[in-house]
1. How much solvent-accessible surface does Ser37 expose, in Å² to the nearest 10, with a 1.4 Å probe and all protein chains in place?
2. Here are a few candidate values for log10 I(q)/I(0) by the Debye sum over Cα atoms at q = 0.12 Å⁻¹: (1) -0.90; (2) -0.84; (3) -0.63. Which one was actually calculated from the structure I just gave you?
3. What does the charge count around Arg101 come to, taking other residues whose C-beta lies under 12 Å from its C-beta (Lys +1, Arg +1, Asp -1, Glu -1)?
4. Taking only protein heavy atoms into account and a 1.4 Å probe, give the accessible area per residue of region 16-100 in Å².
5. Please go through region 1-59 and write out the trypsin sites (Lys or Arg not before Pro) that DSSP classes as loop and that have at most 13 other C-beta atoms within 10 Å.
6. Only helical DSSP H runs with n ≥ 4 go in: add -39500 (n - 2.57) per run for the chain, normalise by residue count and round the 222 nm mean residue ellipticity to 500 deg cm²/dmol.
7. Mind giving me the nanometre distance, one decimal, between the label points for Asp63 and Thr78, set 7 Å out from Cα along Cα→Cβ?
8. For the chain, which span is the longest to avoid every loop-located (per DSSP) member of GluC sites (Glu not before Pro) having at most 11 other Cβ atoms inside 10 Å?
Amino acid sequence: MKPKRQDWQTPQGLALLRGWAREDLPMEEIARRCGVSRRVLDGWRRQSEEIDQALDQSRELADRVMEDALYQRATGYTTTVEKQVKCKQVDYDPDTGKKLREWEEMRPVQEQVHVPGNMTALQFWLKNRKPDCWQQSPAAEPAGEEVEILDDV
């Protein structure tokens, strides 16, 4: 059975296409893995925005996104999170002012949260970007050299 464009528009198919694009495979190789010619793959790209976007995700883009995420994790960042809070509700009689009923309900609220920098991510970044300055252990002294210790000063 010949592969169809719809087969590659599934979440699994698109994930494969994105992965191959991130690996920086040539379009001819991606077409071969799909079981079609380069011309058919180009037609799928023109007919399907999903397939076109999946194949446009290049290795460089993936690298840049990951670098940015590592940098943010290393230095810390502020983000908005949604939390559920319990709110107490009370109904009062408008004539007497007496409490009629009381209940609690959960409501979503947004909150700014600061995620502190991560030392492991920071070390990883520095060791890989500036290995001469941030190597794991200092260079050992060359073998064969003796150090003279003076007892009387």
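The values are calculated or read from the model by the stated rules, or taken from the named source; none is laboratory data. Fair warning: this is a prediction, and the values are worked out from it, not measured in the lab. When we count neighbours, we look across all protein chains shown, and the Cβ atoms used for this are built from the backbone with ideal geometry, even at glycine. Quick note on the areas: whole protein, heavy atoms, side chains included, nothing else; ligands and nucleic acids left out. Shrake-Rupley method; radii C 1.70, N 1.55, O 1.52, S 1.80 Å.
1. 60
2. Given (1) -0.90; (2) -0.84; (3) -0.63, the calculated one carries the label (2).
3. Values: positive: Lys88, Lys98, Lys99; negative: Asp91, Asp93, Glu102, Glu104.
Residues near Arg101 contribute -1 overall.
4. Values: 6060 Å² over 85 residues.
With the other protein chains kept in place, region 16-100 gives 71 Å² per residue.
5. Details: sites: Lys4, Arg5, Arg18, Arg22, Arg32, Arg33, Arg38, Arg39, Arg45, Arg46, Arg59; in loops: Lys4.
Here the trypsin sites (Lys or Arg not before Pro) that fit, given the DSSP loop and packing criteria, are Lys4.
6. Values: 6 runs with 66 residues, N = 153.
Computed mean residue ellipticity for the chain: -13000 deg cm²/dmol.
7. 3.3
8. Numbers: sites that count: Glu145, Glu146, Glu148.
Counting only loop sites that pass the neighbour cut-off, the longest clear stretch is 1-144.
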